[in-house]
1. Residues with amide H under 5 Å of Ile183's amide H, sequence separation 5 or more or different chain, H placed in the peptide plane at 1.01 Å from N; which?
2. Would you compute the Debye intensity of the range 97-142 from its alpha-carbon atoms alone, equal scatterers and no solvent, and pass along log10 I(q)/I(0) at q = 0.15 Å⁻¹ to two decimals?
3. When DSSP beta bridges are limited to those with both residues in the range 168-290, what percentage is antiparallel, rounded to the nearest 5?
4. Counting only the backbone N, which residues of the range 190-228 are under 19 Å from the spot 7 Å out from the Cα of Thr155 toward its beta-carbon?
5. Which aspartates and glutamates have a Cα lying under 18 Å from the Cα of Lys231, excluding residues fewer than 8 positions away in the same chain?
6. Springs between alpha-carbon atoms under 10 Å, Gaussian network over the chain: tell me which of Arg39, Arg73, Arg198 tops the mean-square fluctuations.
7. Amide H to amide H under 5 Å from Ile37: which residues, 5+ apart in sequence or cross-chain, H placed 1.01 Å off N in plane?
8. Taking a ≥ b ≥ c as the square roots of the eigenvalues of the Cα gyration tensor of the range 172-272, is the shape rounded (a/c under 1.5), prolate (a/b larger than b/c) or oblate?
Amino acid sequence: MNLGMILPHEANHGKETGKVTRRILSALSVVPPCIGIRRIMLDPNISLVICSIPYSRGRSSQNNGPDRRLKRRLDRILAEEGVLSVIEHPDIKNLYGSHKTRYESYLTDIAVSRFTELLGIVHRGMGLGRMEITVTGCQRHLEYAITRLISLVKTINVLIPEGFREPGKAEEAFDETGIPVHITTDPGVLRRTPLWIRFPDDHESFDCLPAVYTGRIIDLGALKVIDTRAKRIYDICLELPESILGETGPLPDQLRYLRLPGFLAANCANAWGESAAEASIRLNMRLNLKP
């Protein structure tokens, strides 16, 4: 199985630009007319096949005659390369329609599974063992958070809505480590904690609390880190290793930090029979924050 990526190269018929285009294409294995191919090995059995196609900036992306001919050539190339799934640069919209495929759920799963890495980034250089934090989320995420955090912080406050069943891991975690796990329905607990970790699908009644909270929020559902005191918001993103980015060249932020990592993690996870988080680690992707 291989994966495909369609990128544009500027198609300008001026003399000087034509020379540049020919130089670019001379570095590629060229399939007429002017479709360049590069291959990046993701593992011994999976490659990312990058096809560079002519592109005129400002040109309408309607499926006219030349686009249909180009797509037929691309179809043949991708079939010969054994490509099962394709992602496109945002300037290319009507060839395979990959812009309609959503990868947010995979990115959220990765952020949830690797959230302790974000904790280290947000509070880099500060002693987590002296920190009191608050977590919110569904039952499954709360139990998972307690298990992962109990040895890292001073105190865990678990904020739940009225009538919500208490997570069963709290008492067990305290018995094993002696680190307090406080279960509460009082939002006032946020006033004494500098960090709030919001797992996906926490209770809707908590949505109004960021407006009055003065601390940092790692919002794993929204893929954001919010510094309410400094009034700054950062996107949680995945950084690809240089071995991949060095071959793709410059990419728009949405493609570079979100869609391409999500595409690779999702498809490789399926091929390897593991989670997207496990695949992201195997592909040497790094969680980071982007202003």
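The values are calculated or read from the model by the stated rules, or taken from the named source; none is laboratory data. Remember, predicted model here, so these are calculated numbers, not experimental data. Virtual Cβ from ideal backbone geometry, glycine too; neighbours counted across all protein chains shown. Keep in mind that these areas ignore ligands, DNA and RNA; they rest on the heavy atoms of the full protein, side chains included. Shrake-Rupley method; radii C 1.70, N 1.55, O 1.52, S 1.80 Å.
1. Those lying under 5 Å, H to H, from Ile183 are Val158.
2. Result of the Debye calculation: -0.57.
3. Details: 13 of 17 bridges.
Antiparallel bridges: around 75 percent, rounded to the nearest 5.
4. So the set is 190-198, 213-217.
5. Of all the aspartates and glutamates, those that pass the test against Lys231 - Cα under 18 Å, at least 8 places apart if same chain - are Asp207, Asp219.
6. Of Arg39, Arg73, Arg198, the most mobile in the Gaussian network model is Arg73.
7. So Ile37 has HN proximity to Ser29, Val31, Ser52.
8. Details: a/c = 2.67, a/b = 1.77, b/c = 1.51.
Prolate, because a/c is 1.5 or more and a/b exceeds b/c.
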